[in-house]
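Down below is the structure, laid out as structure tokens.
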Amino acid sequence: MKLQNIKIVMVGTTHPGNIGAAARAMNNMGISHLSLVAPQCPVGETAYARASGANGVLDNRETCDDLPRAIENCSLVVAASARRRSLPWPELSPAELALKLDSMDDSNHVALVFGREHSGLTNEEIQLCNQMVCIPANPEFSSLNLASAIQILCYEIYARLGTAVPPGKVPDAHDLPAPSAEVEGYIRHLQTTLECCGYLDPEQPGMIMQRLRRLYLRSQLTRNEINILRGMLTAIEKQQN
Ligand code: SAH
């Protein structure tokens, strides 16, 4: 699903700085739809100052009287909470949430609901949500600052959804992992050079080439990187001749 289909809902927020910091965090992570449910503070100078330029998110915010209104068009509603509830609600980790959103198609709209600074979300509000997401933290001090909690969840989502190459935009082949034949060509070139400069004894090679092979295969070299490495080997060879 697209980042545009995700809405951050802040319920009963009392500190304008948290609204501004949340707008900034959202904009950093490509999420722009902010909904304030019965805010307990003005969205003015303090909020805009903390938004540090993410003014569009604040300008385009929606304000609702209650949570049902804010989530009415959403097919998935997830409550962020640090606390286990008396009636346990299905719980996701931040990474599981991102995975779930990634598996949903663009016809869905999703709300992530955050509670009040002092008292979080009520049980009634949680029970309007399909699931809960909990950010793992020190069990003796598990309640994060509101905007920090928004930042962490938006980051997890962006890391999963926002970094994919948009359809139609083909990455440069030279920046993709090179085909095996090119990697093998490089490894042969490396072996020859290491033998020529006396680092590798062809009579007693030991495990060096296997270890180097493991290193290079693990790092999935791109064509550009292979070109650089082969250029280095060629320069070394020229010095020797
Ligand atoms: N004192 C409140 C905590 C409020 S923190 C309480 O006990 O519930 C404000 C909001 O930030 C919370 O309602 C929640 O939406 C979010 N939040 C804070 N820490 C979190 C955590 N560890 N995991 C998920 N959300 C968290």
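Annotations for the structure displayed:
- Test result for GLY20, surrounded by 13 or more Cβ atoms within 10 Å (Cβ to Cβ), under 17 Å from the mean Cα position of the chain (by Cα), away from the ligand (no atom under 14 Å from the Cβ) and under 20 Å from SER148 (Cβ atoms): no
- Only one entry in LEU58, LEU34, LEU101 is in the same structural domain as GLY17 (by TED's automatic domain parsing) and touching a residue at least 60 places away in the same chain (Cβ under 8 Å), namely LEU101.
- Which listed residue, of ASP59, ASP102, ASP65, is more than 14 Å from ILE8 (Cα to Cα) and in contact with a helix residue (DSSP H, G or I) (Cβ under 7 Å, 6 or more places away or on another chain): ASP102
- Qualifying residues in the range 76-106 (those that are closer than 19 Å to SER32 by Cβ and in a loop (DSSP other than H, G, I, E, B)) - the one nearest to the ligand (Cβ to nearest atom): MET104
- Some residue of the range 199-207 being more than 30 Å from THR13 (Cα to Cα) and surrounded by 13 or more Cβ atoms within 10 Å (Cβ to Cβ): yes
- Test: residue in the range 115-124 that is touching a residue at least 40 places away in the same chain (Cβ under 8 Å), of a type in the set (Lys, Arg) and surrounded by fewer than 16 Cβ atoms within 10 Å (Cβ to Cβ): no
- Residue satisfying condition, being among the charged types (D, E, K, R) and more than 30 Å from GLU72 (Cα to Cα), within set ARG214, ARG116: ARG214
- Filtered residues of the range 117-146 (kept if within 7 Å of the ligand (Cβ to nearest atom) and of a type in the set (A, V, I, L, M, F, W, C)): LEU121, VAL133, CYS134, ILE135, ALA137, LEU144, LEU146
- Contacts under 6 angstrom Cβ, first residue in the range 61-85 being in contact (Cβ under 8 Å) with a residue 40 or more places away in the chain, partner of a type in the set (D, E, K, R), 6 or more apart: LEU67/GLU125
- Positions within the range 25-66 being surrounded by fewer than 20 Cβ atoms within 10 Å (Cβ to Cβ) and assigned to a helix (DSSP H, G or I), in sequence order: ASN28, GLU45, THR46, TYR48, ALA49, ASN55, GLY56, ASP59
- Filter result (among the aliphatic types (A, V, I, L, M), touching a residue at least 40 places away in the same chain (Cβ under 8 Å) and outside any loop (DSSP other than H, G, I, E, B)) within the range 200-226: ILE226
The values are calculated or read from the model by the stated rules, or taken from the named source; none is laboratory data. Computed from a prediction, not measured in an experiment: that's the story for all the values here. Using ideal geometry, Cβ is built from the backbone for each residue, glycine included, and neighbour counts are taken over all protein chains shown.
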